[in-house]
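Engineer: Dumping the structure here so I can ask a few things about it.
The values are calculated or read from the model by the stated rules, or taken from the named source; none is laboratory data. Because the structure is a prediction, the values reported are computed rather than measured. Positions of Cβ are generated from backbone atoms using ideal geometry, with glycine treated the same way; all protein chains shown enter the neighbour counts.
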2 protein chains.
Amino acid sequence: MKKHNFGAGPCILPASVTERAAQAVLDWNGMGLSILEISHRSPEFEAVILKTQLLIRELLHVPDSYSVLFLQGGASTQFNMVPMNFLKPGLRADYLDTGYFSQKAIREASLFGKVRVVASSADKDYSYIPDYIDEKHDAAYLHCTSNNTIEGTEMFHLPETKVPVICDMSSDIFSRIINVRDFDLIYAGAQKNMGPAGLTLVIVKNALLERIDKAIPAMSDYRVYKDHNSLYNTPPVFSIYTAMLNLLWLKDQGGIPAIEHQNKKKAAMLYQEIDRNALFYGLATPAHRSRMNVTFKMHDEGLEPAFLSFASSRGIVGIKGYRTVGGFRASLYNALPISSVALLVEVMQEFEAEIGVGKIQAEYNMAI
Amino acid sequence: MKKHNFGAGPCILPASVTERAAQAVLDWNGMGLSILEISHRSPEFEAVILKTQLLIRELLHVPDSYSVLFLQGGASTQFNMVPMNFLKPGLRADYLDTGYFSQKAIREASLFGKVRVVASSADKDYSYIPDYIDEKHDAAYLHCTSNNTIEGTEMFHLPETKVPVICDMSSDIFSRIINVRDFDLIYAGAQKNMGPAGLTLVIVKNALLERIDKAIPAMSDYRVYKDHNSLYNTPPVFSIYTAMLNLLWLKDQGGIPAIEHQNKKKAAMLYQEIDRNALFYGLATPAHRSRMNVTFKMHDEGLEPAFLSFASSRGIVGIKGYRTVGGFRASLYNALPISSVALLVEVMQEFEAEIGVGKIQAEYNMAI
């Protein structure tokens, strides 16, 4: 049985992408070689890098004054590369604290210089995105997280500032229209809407790189990736190739406007059911609800294991909430078909009917 | 036509490995999910990590007092992680300079503290491995490169020292018997004898990690990988899985003693032909000739393009020498069958016969 994969990442990819990737692992383009066996210096692979960059530029309307770079190590490595490149003793970096991964970014940055948390939603379990208007404009940069994968919130309005804005977009890049010019550096682990794990995307304004004036280890220096077209050393060949296939798929779907439309529809369907269903409630403030990661719980936590196994019996996987949050998290990434969301909604309704609202109200009165 | 892949890396993998990897990309173990879509926190993938570690421990006889870690970023990232963890102002690190990648390691280390190059073969184009006997034993560590992929030399005798020995084994790990106890830290990019690009193996003596007494960014801190069993953040899932398949293949071949026997045979066949054939000569000093990367040139460089295209017409790929060295480099990694080496030898002989030794001697007299 093909599963309905709501996993938070590594996550669902379109079937056409995994089919083409599997074929390339066997024999790539009839070359008599697997994609795993080809040199990263071959003209064929250089064409893949170029095509992937062009697709990213086209899909996101990346201006020519920005570079598109491929790295490794995930967003967690960016948590240290950003301050290593742009923060130094005497300078201060501003951070928005909107959840688990923001906090990690903040901890890493403090190793390199002064860090100020300018706004935080820690007071309410990160269930919302705090507003922030910079009045000083004197930080080296402002760092934010556009989508909080674990907490299920998404930033639809950017903080207002004149300093460079650096954004972790790991879990919502390629899911909705953005204006790249609003940012000076965007980074994203690939394993949500871009491709398989093992690849990190960085889109950076060239002018920001010109500010760097210190010695940085080569593999942590954004300029090295720019100067070597992400081929300073062996890149994650297969992850880049599969990302290219996935971005081609996205283009075929009508690009980001079309997928955003779909993503809005999928999220609305699920949130509507969460709000309607007597058994469930959502964790994020409605205005800041993520379209990518929908977090919800049951009024009666004791029913959660039963719902999880009921959903699992219908082929739904990956909806267990993150261990520090509990409950459920349904990730609705680009490749998740609307039919999977419809099934989850149906399963929630069936579970509600099966349990019987009356019975629940009687048995678990205190909990509701 | 299936190619004979002599590429230096990413390089040849056994056909049974690429077949199983391709199947897992389509549907892994009948789970209804691609290996690219599964959570790195799933019990199924945790079993993969564990099995891969156990295979490495078994194949290399890694003592219990060492940790087996999976990282990203290739050996180039290790060039900075090693000094970031073990070197600090006031300490000195000793480096053996045996080629292009040693030099890169040395440059990175100098960002973190004092570096002394204790021996170098730069005087003779890195065609040999210098001997080194430490008389001071006062460095933080001694760094060496066991196989020089570009120059085609291999270190069969370790330098003598009482300080911790750290070794870049990217291009000969799993190709021959080593005694892990001779080293305090071994690192290797996976894309030669271990698996696809995008994965780095580190084997480190736990006692060495206990010496670290400074704050290090999480993703650069070996202790973080040890404490989180290489699951601090999303690892390169597919690369680890395929490495597991490849190590299973290696075990099936009879493990490292058996593959070393094969590798010796393959290298002997090719070096013998290089020494015999009037057109070619080897670049490395015979005692230090690499069994993994065989570097050679033609007495008449003008004939090299013709030989390259002749070999290519017979399905031989990946033998062009590194751009700074020129000539040819035939990489004979574990998965390269002896029949491919036999074919290369045959092609060299045919080319010699076709050109005609006499004709060459007449036409290119000065060059020979």
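Engineer: So which residues in segment A:122-152 are over 26 Å from A:F296 (Cα atoms) and among the β-branched types (V, I, T), if there are any at all?
Structural biologist: A:I133
Engineer: Filter segment B:24-51 down to residues that are exposed (fewer than 15 other Cβ atoms within 10 Å of the Cβ) and of a type in the set (G, A, S) and give me whichever is modelled with the lowest pLDDT.
Structural biologist: For segment B:24-51, the residue satisfying everything is B:G30.
Engineer: Quick check on my filter: what residues within segment B:218-229 are buried (at least 21 other Cβ atoms within 10 Å of the Cβ) and touching a residue at least 60 places away in the same chain (Cβ under 8 Å)?
Structural biologist: B:S220, B:Y222, B:Y225 - these are the residues of segment B:218-229 that are buried (at least 21 other Cβ atoms within 10 Å of the Cβ) and touching a residue at least 60 places away in the same chain (Cβ under 8 Å).
Engineer: Identify, please: which residue in segment A:64-105 is out of contact with any Pro (no Cβ under 8 Å at 6 or more places or on another chain), within 14 Å of chain B (Cβ to nearest Cβ) and among the polar types (S, T, N, Q) and is, among those, surrounded by the most Cβ atoms within 10 Å (Cβ to Cβ)?
Structural biologist: Among residues in segment A:64-105 that are out of contact with any Pro (no Cβ under 8 Å at 6 or more places or on another chain), within 14 Å of chain B (Cβ to nearest Cβ) and among the polar types (S, T, N, Q), the one surrounded by the most Cβ atoms within 10 Å (Cβ to Cβ) is A:Q78.
Engineer: Further question on the same structure: Quick check on A:L36: is it touching a residue at least 24 places away in the same chain (Cβ under 8 Å) and part of a loop (DSSP other than H, G, I, E, B)?
Structural biologist: no
Engineer: Considering only residues that are more than 16 Å from the chain's Cα centre (by Cα) and of a type in the set (V, I, T), which ones fall in segment B:97-123?
Structural biologist: B:I106, B:V115, B:V117, B:V118
Engineer: If the requirement is being of a type in the set (S, T, Y) and modelled with pLDDT of 95 or more, which of these qualifies: B:T285, B:T324?
Structural biologist: The match here is B:T285.
Engineer: If you don't mind, there's one more thing I want to ask. Limited to segment A:342-358, what total is found for residues that are touching an Asp or Glu at 6+ places or on another chain (Cβ under 9 Å) and buried (at least 21 other Cβ atoms within 10 Å of the Cβ)?
Structural biologist: Matching residues across segment A:342-358 total 2.
Engineer: So in segment B:52-90, with the set limited to residues that are at pLDDT 95 or above and touching a Gly at 6+ places or on another chain (Cβ under 6 Å), which one is nearest to A:S313 (Cα to Cα)?
Structural biologist: Looking at the filtered set, the residue picked out is B:Q72.
Engineer: In segment A:159-176, what residues are assigned to a loop (DSSP other than H, G, I, E, B) and of a type in the set (A, V, I, L, M)?
Structural biologist: Selection gives A:V163, A:M169, A:I173.
Engineer: What number of residues in segment A:284-307 are surrounded by fewer than 18 Cβ atoms within 10 Å (Cβ to Cβ) and of a type in the set (A, V, I, L, M, F, W, C)?
Structural biologist: Count: 2.
Engineer: Could you tell me whether B:I259 is in a helix (DSSP H, G or I), touching a Phe, Trp or Tyr at 6+ places or on another chain (Cβ under 7 Å) and not assigned by TED's automatic domain parsing to the domain that holds B:N29?
Structural biologist: Considered against the rule, which asks whether it is in a helix (DSSP H, G or I), touching a Phe, Trp or Tyr at 6+ places or on another chain (Cβ under 7 Å) and not assigned by TED's automatic domain parsing to the domain that holds B:N29, B:I259 comes out as no.
Per-residue answers, yes or no, for (1) of a type in the set (S, T, Y); (2) facing chain B (nearest Cβ under 9 Å):
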| site | (1), (2) |
| --- | --- |
| A:A15 | no, yes |
| A:T18 | yes, yes |
| A:A21 | no, yes |
| A:E46 | no, no |
| A:T52 | yes, no |
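Engineer: Quick one: which of A:A197, A:A207, A:A190, A:A278 is in contact (Cβ under 8 Å) with a residue 60 or more places away in the chain, buried (at least 21 other Cβ atoms within 10 Å of the Cβ) and among the hydrophobic types (A, V, I, L, M, F, W, C)?
Structural biologist: A:A197 is the lone residue from the list that is in contact (Cβ under 8 Å) with a residue 60 or more places away in the chain, buried (at least 21 other Cβ atoms within 10 Å of the Cβ) and among the hydrophobic types (A, V, I, L, M, F, W, C).
Engineer: Suppose the filter is away from chain A (no Cβ under 14 Å), more than 28 Å from B:F296 (Cβ to Cβ) and touching an Asp or Glu at 6+ places or on another chain (Cβ under 9 Å); does B:K114 pass it?
Structural biologist: no
Engineer: Looking at segment B:246-275 only, could you name the residues that are within 14 Å of chain A (Cβ to nearest Cβ) and surrounded by fewer than 22 Cβ atoms within 10 Å (Cβ to Cβ)?
Structural biologist: Hit for segment B:246-275 is B:W249, nothing else.
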